[in-house]
Structures are given as structure tokens and as C-alpha cells.
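What follows is a short report on a single structure.
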Amino acid sequence: MSRKNRGEAVSGWLFTAPTVIVLGLFLLVPVLMAAWVSVSDWRGVGSPFSSDVSFVGGQNYAKILGGGGLDEQNFGTALRNNLWYVVFVVPLQTAVALGLAVLVNGRALRGRGFFRTAFYFPSVTSSVAITVLWLFLFSSTGAVNTIIGWIGLRGPNWFNEPTGIFQLGAGNPPAFLADHTLLGISWWEWLSGPSVAMTAFILLAVFTTSGTFMLLFIAALQNLSHDVDEAAMIDGAGAWTRFWRVTLPQLRPTLFTVLTLGLIGTWQVFDQIYTGTRGAPANTTITPAYLSYSTAFGSQQWGVGAAIAFVLFGIIVVFALLQRWALRERPVSRRRMRWIEKGSVR
């Protein structure tokens, strides 16, 4: 290595050293400590590295993944709630964000700056303030039920209704669904969908996060070349065909970013639950992130709480990898290439 390159390398490390040190002290070290806590019997008193703290291996993980007790049931319930939360929030917030981006990016729209600010404003508002507002709006006598009453319907008692939305009005569950369990939760409960209370949090998440992802889509739309779109228009393609066949494929990198960030954020939901219901009613709004907190700081089961956090980390990594695989660039098949070439000849 030449003297010049060596000097550049030293300068680079000097510039990055403060960031590396800060991340090491406040991110890497706490993560390593939490990893040790998850495989130890630390009780929250004194140092987790003291001589009276013993290594217990996978006992804390076994309690939540197959212990057959309350810890397993609570984790299964939290996982079920969060899974339905992800299933609803990620597609909805992505679709709403993309729709808003296309709307405010239109050249014919007047006051585009105003609408962009208005749609983005919920994203920069305190999540605690938005959650408190949501509690008022979705109370039994709140504005939402009042609007529902205008069309002759009676709104539910949102944050006090534990019934799953797919089981509203349903009778007794089939025996084969009620008798089989996974993580202490029956198949009937797994298939019940989000509770009415969790549905209100789903709407809250879509309301507060769509504006942020809208900005990402706007930036991507403004960087697209209009030549291909104009060529498709000349060939007679309609607006929907151009969007589906021309614009959306070019948004694949941004779409992957939005879906990945949305997936990570929805699996880490905590502050809305802590501020709003703290898992009520009947644990139908509890999430793994909140369960990890309440188990460690509330029940003083620090090892189990840390184990929940690391299992949640594993779930996020697996889903992110699956999402990356699903959205990967695929080679064009020979059959499709022949169809494209035949169409271009015509």
C-alpha cells in the first residue's frame, strides 16, 4: 500500500471512529449483554456478569416456544396478534402511500405542496399524541361511531372488544380447530383475525406511516424517465396499463425499501400499545415487543424477556429475507421473450 493510500485509510478511520465507538458502546455492547441475559438466570439485581448468575442455556427460549405454561401462551397470543397486524398494515400502508404519491405527483393537481405537507403531517406528530387522539375518536361515543350511526349502524366498543373480526357473530368453533394448538393457542384463535381493538391500531398505523412512504414513492416517481411511458401511450396503452406494466416495474427498488421498512416497523410496534391499551382487552392487542418489555420490567423475568426480543429479531430477519427473495429480479423466460419479439415485429 502506498503512503498516499495509507494516509487516506488512516484519515477514513479517524473520521469514522466517533461513530464506530458510539455504536459499539450503545448498540453492540447492550446487544451482547442482552444475549447473555437471554441464556442466564439473571434476576435484574446487580451485574449480569457477576459470579452468582448462572448459564441456563435455552431454558428461557424453551419457556416461550414449548414450555406449555403461561409464558408460551402469552408469546403465542402476542405472535398471533402481531402477525395479523403485519398482514393488514404492510399492504395497506404501501398501497395508500403509492396512491397518494401518484396523486400528489400529478402535474394537473393544484396545491401539490399543501397536500404533500398535509399527508405527511401525521408521520411527524408524536405517536403518543396520535394514540391519545385515536382513543377519543374510537371510543364508544367518539366521532367514528357517530359517523357510523349516520348510516344506521351501531359502532363497536372498539378498544374493549376482544373478538376477532373473522369470528364476529360466529358460533362454536369446529372441534378440529379448537382441539389443536400452536404455541398454546388453538387454531381457531390463530384464524380469528385481528381483534376489533387491534383493528383500530391497524388503522392508526396506516394513518401515521403512509405519509412517510409517500415521500419515498414521490422521489422515485420524479426520477423515472417519461420516454417509456410516452412510447406506451403512443402504442395505445391506457393509464392503468401504463402504470401496471411500465411505472410499477421501475419502482421495484423503492417498493422493496418500503415493504422492508414497513415489515420491520410493524413487528416492532410498542409505543401505541403502551400508551393505548397495554395489551387489553384479553391480551388481544399485546405484541411481542410489548410482551418483552412487560415480562422483563413487570414480571422481573429478565431472561425470558430477552429471549422474546431475540426470537422477534429472528422473525424479522426471516421475513425480510423472504421478502427480498419474492421481489428479486427474475430473468425473462424464453417464451415471454418470443412473445415480446413477435409483438415488436407486428
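Read-outs throughout are calculated quantities, based only on the coordinates presented, and are distinct from any laboratory measurement. For clarity, every value in this text was computed on a predicted model and none was experimentally measured. Positions of Cβ are generated from backbone atoms using ideal geometry, with glycine treated the same way; all protein chains shown enter the neighbour counts.
At 0.36 nm per residue, and after removing the present C-alpha to C-alpha distance, how many nm does the segment from SER139 to LEU103 gain when stretched out fully? Walk me through the numbers before you get to the answer.
Numbers: separation 36, 0.36 × 36 = 12.96 nm, distance 3.19 nm.
Taking 0.36 nm per residue and subtracting the Cα distance, the gain is 9.8 nm.
So how far, in whole Å, is the C-alpha centre of the stretch 29-76 from the one of the stretch 194-258?
Going from one Cα centre to the other spans 43 Å.
Roughly how many Å is it from the Cα centre of the stretch 84-147 to that of the stretch 285-322, as a whole number?
Spelled out, the Cα-based centre of one part sits 28 Å from the other.
With each run of n ≥ 4 DSSP H residues scored as -39500 (n - 2.57), what mean residue ellipticity at 222 nm is computed for the chain after dividing by its residue count and rounding to the nearest 500 deg cm²/dmol?
-20000 deg cm²/dmol
Rounded to the nearest 0.05, what FRET efficiency do ALA219 and THR241 have when you use their Cβ-Cβ distance and R0 = 22 Å? Provide the component values of the computation, followed by the final result.
Details: r = 24 Å, r/R0 = 1.10.
Approximately 0.35, to the nearest 0.05.
Can you pull the one-decimal nm distance between simple spin-label points at HIS180 and GLU230, each 7 Å off the Cα toward Cβ?
5.9
Explain nothing, just the number: relative contact order of the chain, from Cα pairs under 8 Å at least 6 residues apart, as a whole percent.
That works out to 25 percent.
R0 = 25 Å: FRET efficiency of ALA170 with LEU70, Cβ-based, nearest 0.05?
On the way: r = 26 Å, r/R0 = 1.06.
The calculated FRET efficiency here is 0.40.
Using the number of other C-beta atoms within 10 angstrom as an exposure proxy, rank PHE310, PHE138 with the fewest first.
Ordered by Cβ neighbours within 10 Å, fewest first: PHE310, PHE138.
In debye, nearest 20: dipole of the chain around its Cα centre with unit charges on the Cβ of K, R (+) and D, E (-)? It would help to have the intermediate numbers written out before the result.
Numbers: 24 positive and 15 negative charges, 312 e Å.
Dipole about the Cα centre, nearest 20: 1500 debye.
How long are the three semi-axes of the equivalent ellipsoid for the chain, computed from the Cα gyration tensor as the root of 5 times each eigenvalue, in whole Å, largest first? It would help to have the intermediate numbers written out before the result.
Details: eigenvalues 312, 217, 102 Å².
In descending order the semi-axes read 39, 33, 23 Å.
Can you give the extra length, in nm with one decimal, that the chain gains between PHE49 and MET33 once fully stretched, where that is 0.36 nm per residue apart less the Cα-Cα distance?
Extending this stretch completely gives an extra 4.9 nm.
Considering only DSSP states other than H, G, I, E and B, which trypsin sites (Lys or Arg not before Pro) in the stretch 112-193 qualify as loop sites with at most 16 other Cβ atoms within 10 Å?
Values: sites: ARG112, ARG116, ARG154; in loops: ARG154.
Counting only loop positions with at most 16 other Cβ atoms within 10 Å, the trypsin sites (Lys or Arg not before Pro) in the stretch 112-193 are ARG154.
What is the stretch 26-78's relative contact order, in percent, from Cα pairs under 8 angstrom and six or more apart in sequence? Don't jump to the answer; show the numbers that get you there.
On the way: 35 pairs, mean separation 13.0, N = 53.
For the stretch 26-78, the relative contact order is 25 percent.
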